[in-house]
Structures are given as C-alpha cells and as structure tokens.
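Notes follow once the structure below has been shown.
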Amino acid sequence: MMMALFGMMLASMTASAGAYGAPTASVALNESGMTLLRGGRGGVIIDGRWTLGGEGVSSRRAFGEGEGISYGAFFFERTFLTDGTVHPAVEFSLGGGDISQNGVRAAAMVSTVGAHLDIDVSDWLRLSLGGGYLLTLPDERLSGSWRVGRPTLDFMVKFGGF
C-alpha cells in the first residue's frame with residue numbers, strides 16, 4: 001500500500017528542464033585597480049529554479065603587473081520569481097586553476113559566491129547583472145593579495161531555453 005502511494009506521488013511530479021550557454025565578463029576590484037575577467041558558462045536548468053553547470057574564466061593581466069588567473073569551476077545557482085520578467089538569483093562555484101604572480105605559477109583552489117538579476121529580453125535571451133566575491137587559495141609559493149578574496153561586478157548574456 002505504501003509503495004503504491006509513493007509510486008503515485010512520483011508519477012504526479014513533473015519537472016521541466018532547460019539549458020543555457022553564456023559568455024561572461026567580470027571586473028575584479030582590488031587595491032591596484034580593476035581587472036577584466038572573461039570566460040563562459042553553461043548549465044542545465046531544472047524546474048526553472050535550479051541550475052547545475054560549469055564555467056571557465058581567465059584574465060590577460062590580473063590584479064597588477066605580471067599577474068594572471070585562469071580557472072574552471074562547477075557552479076550551483078538558485079533562481080527566484082521565475083514567473084516574472086526579472087529573476088533574482090544566488091550562486092556558488094568551486095573549482096581550481098592556476099595563478100601567475102611575479103614569474104611564479106602555482107595551482108589554486110577558487111571559489112565564488114554571488115547574486116545577480118536576470119532580465120528576460122526574449123524567450124531565448126536573458127541579460128544578467130550582479131556582483132560577487134572571488135576567493136583564491138593558492139599554494140604557499142604565492143604571497144599577499146592572492147590569499148584574500150576580492151569583490152567582482154559580473155555581466156552575462158544567457159542564450160538558451162529557460
């Protein structure tokens with residue numbers, strides 16, 4: 001009897017799925033100015049609210065002369081107010097990559113946390129603007145500013161089925 005009720009509950013649950021791909025641009029702020037981080041991301045959207053995906057980010061020159069960062073990460077995103085035109089969302093990512101500083105290149109764990117607003121332009125296009133915090137944990141060969149986080153301003157153009 002319990003199995004039949006459980007089976008009927010599962011059968012009545014329906015989930016929709018979509019996906020998107022997006023070029024990304026972020027400006028990381030620090031004591032020496034601003035740096036442009038660029039990359040891309042893509043994910044699977046489950047029930048219009050939950051997104052699981054991956055991203056890749058890199059900079060030509062980051063956080064001062066002779067410094068740079070490149071990393072890949074998995075991300076998780078939760079979107080709210082999915083029935084409207086504007087959708088607030090929060091996200092978390094975790095990954096790894098490398099950081100260059102003064103001729104030294106080292107592996108690093110990278111994590112971000114952020115919030116953004118997605119604005120529907122059409123059924124297949126969303127603009128996203130937000131902010132976050134980039135935290136890098138490199139190995140001990142790198143010093144100073146790489147052991148702390150830095151705020152970011154983020155922009156994405158999402159193409160897909162939402």
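Details
- Within the range 42-54, considering residues that are under 15 Å from ALA89 (Cβ atoms) and open to solvent by less than 30 Å² (accessible area, probe 1.4 Å), the one modelled with the lowest pLDDT: GLY48
- Subset of the range 99-114 [open to solvent by less than 70 Å² (accessible area, probe 1.4 Å) and within 22 Å of GLU77 (Cβ to Cβ)]: VAL110, SER111, THR112, GLY114
- Considering residues of the range 18-41 that are open to solvent by 60 Å² or more (accessible area, probe 1.4 Å) and modelled with pLDDT of 85 or more only, the residue nearest to VAL86 (Cα to Cα): PRO23
- Some residue of the range 74-93 being open to solvent by 80 Å² or more (accessible area, probe 1.4 Å) and touching a Lys or Arg at 6+ places or on another chain (Cβ under 8 Å): yes
- For the range 139-162, taking the residues that are at pLDDT below 80 and among the small types (Gly, Ala, Ser), the one that is nearest to VAL57 (Cα to Cα) is identified as GLY149.
- Residues considered: LEU125, LEU117. Of these, the only one that is touching a strand residue (DSSP E or B) at 6+ places or on another chain (Cβ under 7 Å), at pLDDT 80 or above and open to solvent by 50 Å² or more (accessible area, probe 1.4 Å) is LEU117.
- Applying the set (1) small (Gly, Ala, Ser); (2) closer than 23 Å to PHE159 by Cα; (3) surrounded by fewer than 15 Cβ atoms within 10 Å (Cβ to Cβ) to GLY96 leaves exactly one unmet item: (2).
- Of all residues in the range 94-107, exactly one satisfies the criterion of being out of contact with any strand residue (DSSP E or B) (no Cβ under 9 Å at 6 or more places or on another chain) and either part of a strand (DSSP E or B) or hydrophobic (A, V, I, L, M, F, W, C) (or both), namely VAL104.
- Options GLU91, GLU77; residue that is touching a residue at least 40 places away in the same chain (Cβ under 8 Å), part of a strand (DSSP E or B) and either within 16 Å of ALA22 (Cα to Cα) or among the polar types (S, T, N, Q) (or both): GLU91
The values are calculated or read from the model by the stated rules, or taken from the named source; none is laboratory data. Since we're looking at a predicted model, the values are computed, not measured. Virtual Cβ from ideal backbone geometry, glycine too; neighbours counted across all protein chains shown. To get the accessible areas, we keep the full protein, side chains included, count just its heavy atoms, and leave off ligands, DNA and RNA. Shrake-Rupley method; radii C 1.70, N 1.55, O 1.52, S 1.80 Å.
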